[in-house]
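**Student:** Sharing a structure here in structure tokens format.
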Amino acid sequence: MTTHYEIVPEIACTRTGKQYRQGAEALRDINFTVYKGEILSILGPSGCGKSTLLKMIAGLTSVTSGEITVNGMTPVNARELVSFIFQDATLLPWRTVKRNIDLGLELEGATRERRDGKTEEMLALVGLSDVAGRYPRELSGGMKMRVSIARALATRPRILLMDEPFAALDEMTRNRMNDELLRLQKQHGWTIVFVTHSVAEAVFLSSRILVLAPNPGRVLEMVNVELDRSNLAEVRSSDAFEQEVSRVSRILRGAHLA
Ligand SMILES: Nc1ncnc2c1ncn2[C@@H]1O[C@H](COP(=O)(O)OP(=O)(O)OP(=O)(O)O)[C@@H](O)[C@H]1O
Ligand SMILES: [Mg+2]
């Protein structure tokens, strides 16, 4: 019912651990697989290693024990497949909205024409066509986040790693972005790993939720989300949604106590 993704492994963590050179053990013995075309969310208390895990998958920080493969490659070799949307949207202050979105394409060496077309498409997608010429300092937090999402999508990644991308948004806007993300994901078949502190957001978006416990960060449970998403507009007000949110909340409380 809810499994519209293929059962092909895209990201695999095997006994993965992270020990920062200065600091405590951030993650220990993490085992899970993310399948192609799946949205998997990660929930867990602050400091349990969610961002660290995403950075390792992205090849931005080393894996210090065990292994991670992305499409059968090391994270560093798979970088081209992956786009990372950070917890704190980092836009270049001296570039306009349009030219910030342009950045990834510019680094890829795309032609001016392709960049312009793609940038306009992305601006429309995140509803920012009207502010294309503004600078980041003239935008709200939510708008900045939408620019960084547009920038990440412009390079046509097939794997998206999203670290609390909608945390700065008000609830209405966040819901709209969630709807939009699901729609786009379906259309493009992206594989998404989505970190959030919102149980409702994780339940709404994902087929499975990885719940981590802290000190050191480890897997508490992999939760299958049972939800019929055939009519998106009705999902949030359904009994099934409410039940899944309470069930996952209970599991997450366990992580805070662990
Ligand atoms: N560069 C670093 N050097 C040393 N320790 C680090 C580094 N980055 C993170 N840590 C530590 O690793 C642990 C996990 O941090 P991480 O940022 O991955 O947690 P998180 O689950 O994303 O937290 P939050 O929900 O607050 O974003 C924390 O104890 C943190 O202090
Ligand atoms: Mg984090």
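**Student:** Give the Cα extents of segment 105-213 along the principal axes, in whole Å, largest first.
**Tutor:** If we take the Cα atoms of segment 105-213, the spans are 45, 29, 24 Å.
**Student:** Going by C-beta contacts inside 10 Å, put F32, F84 in order with the fewest on the left.
**Tutor:** By the 10 Å Cβ count, ascending: F32, F84.
**Student:** Describe numerically, in nm with one decimal, the distance between label points set 7 Å from Cα along Cα→Cβ at R21 and at R156.
**Tutor:** Here the modelled spin labels are 3.8 nm apart.
**Student:** Now for a different question. Give the shape of segment 183-258 as rounded, prolate or oblate, defined through the alpha-carbon gyration tensor: a ≥ b ≥ c are the square roots of its eigenvalues, a/c under 1.5 means rounded, and otherwise the shape is prolate if a/b is larger than b/c and oblate if not.
**Tutor:** oblate
**Student:** Take the alpha-carbon positions of the chain, form their convex hull, and give its projected area averaged over all directions (one quarter of the hull surface) in nm². Could the numbers behind the result be given before it?
**Tutor:** Details: hull surface 55.8 nm².
Over every viewing direction, the Cα hull of the chain projects on average to 13.9 nm².
**Student:** In whole Å, how far is the Cα centre of segment 199-234 from that of segment 79-114?
**Tutor:** Taking the Cα centre of segment 79-114 as reference, the centre of segment 199-234 is 29 Å away.
**Student:** Rounded if a/c is under 1.5, else prolate if a/b beats b/c, else oblate: with a ≥ b ≥ c from the C-alpha gyration tensor eigenvalues square-rooted, which is segment 117-173? Before the final figure, lay out each step's value.
**Tutor:** On the way: a/c = 1.86, a/b = 1.04, b/c = 1.79.
Cα axes put segment 117-173 in the oblate bin.
**Student:** Where the Cα atoms of segment 1-101 are projected onto their three principal axes, how long is each span, largest first, in whole Å?
**Tutor:** Per principal axis, max minus min of the Cα coordinates gives 43, 43, 29 Å.
**Student:** Mind checking the angle between helix 97-108 and the chain's longest principal axis? C-alpha axes, 0 to 90 degrees, to the nearest 10.
**Tutor:** Orientation of helix 97-108: about 80 degrees from the principal axis.
**Student:** Mean-square fluctuation check for the chain, GNM, Cα pairs under 10 Å: which of A24, A168, A132 is largest?
**Tutor:** Ranking A24, A168, A132 by mean-square fluctuation puts A24 first.
**Student:** For the modelled label position 7 Å from the Cα of R114 along Cα-to-Cβ, which residues of segment 74-104 have backbone nitrogen atoms closer than 19 Å?
**Tutor:** Those under the cut-off are 79-83, 99-104.
**Student:** With both bridge residues required to lie in the chain, what share of the DSSP beta bridges run antiparallel, to the nearest 5%?
**Tutor:** Restricted to the chain, the bridges split so that about 50 percent are antiparallel.
**Student:** Would you mind telling me which residue in G142, G37, G133 has the biggest mean-square fluctuation in a Gaussian network model of the chain, where springs connect alpha carbons within a distance under 10 angstrom?
**Tutor:** Highest fluctuation of the listed residues: G133.
Throughout, read-outs are computed from the coordinates displayed, never taken from laboratory work. Model, not experiment: these values are computed from the prediction. Glycine gets a Cβ as well: all are built from the backbone with ideal geometry, and neighbour counts include every protein chain shown.
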